[in-house]
1. Out of the residues in segment 154-186 that are touching a residue at least 12 places away in the same chain (Cβ under 8 Å) and among the polar types (S, T, N, Q), state the one that is surrounded by the most Cβ atoms within 10 Å (Cβ to Cβ).
2. Could you list, in sequence order, all residues of segment 108-140 that are among the small types (Gly, Ala, Ser), assigned to a helix (DSSP H, G or I) and more than 20 Å from residue 58 (Cβ to Cβ)?
3. Can you tell me which residue in segment 153-186 is modelled with the lowest pLDDT, limited to those that are among the hydrophobic types (A, V, I, L, M, F, W, C) and part of a loop (DSSP other than H, G, I, E, B)?
4. Considering only residues of segment 105-119 that are among the aliphatic types (A, V, I, L, M) and free of Cβ contacts under 8 Å to residues at least 40 places away in the same chain, which is farthest from residue 173 (Cα to Cα)?
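The values are calculated or read from the model by the stated rules, or taken from the named source; none is laboratory data. For clarity, every value in this text was computed on a predicted model and none was experimentally measured. Ideal geometry is used to build each Cβ from the backbone, glycine not excepted, and the neighbour counts take in all protein chains shown.
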Amino acid sequence: MENANITTLIAQYPLVEDLMALKETTWFNPRTTTLAEGLPYVGLTQADVKDAHARLARFAPYLAKAFPETAAKNGIIESDVVAIPAMQQRLAKEFATPINGTLLLKKDSHLPISGSIKARGGIYEVLTHAEKLALEAGLLTLTDDYSILLEPHFKAFFSQYSIAVGSTGNLGMSIGIMSARVGFKV
């Protein structure tokens, strides 16, 4: 980066100078806001969040049975947080400075079903679509145990519909896996 650009950047964001000097730095975003204030900027409301939470809870029994790797967490797709002491020791040695506390890693790369952080969003969209179709057809109610979706007549019902995704990456894989398991043509 050119010196003039660096000078401008430091003038606009003085914290950059500390970062460049490799000083230990803590920064808290001064523009954070509440959930209620921030959600409208992304087109969501608190009701949308509650609806999504409720939907995932309804599908949890289904997910626990359809994907046994989620059974230990009762069908909730969540990644573990683990201590990584070897990494902490290596970083402390590499930078010749002690690292206090415990260094943790959130293993989103090990999420069940498709092994990707994008799994939750892609899977959620497929489940939302499947729920809408089944509710509209009168095959499912919001109070049902959603593990009934594993019954053959549901697979037959969903096989009338196709899902296509324009991604060959992790998002596409999660949508494909979930769609196929529900019974959609993918």
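1. The qualifying residue surrounded by the most Cβ atoms within 10 Å (Cβ to Cβ) is 174.
2. Correct list: 109 only.
3. Residue satisfying both the conditions and the ranking: 165.
4. 105
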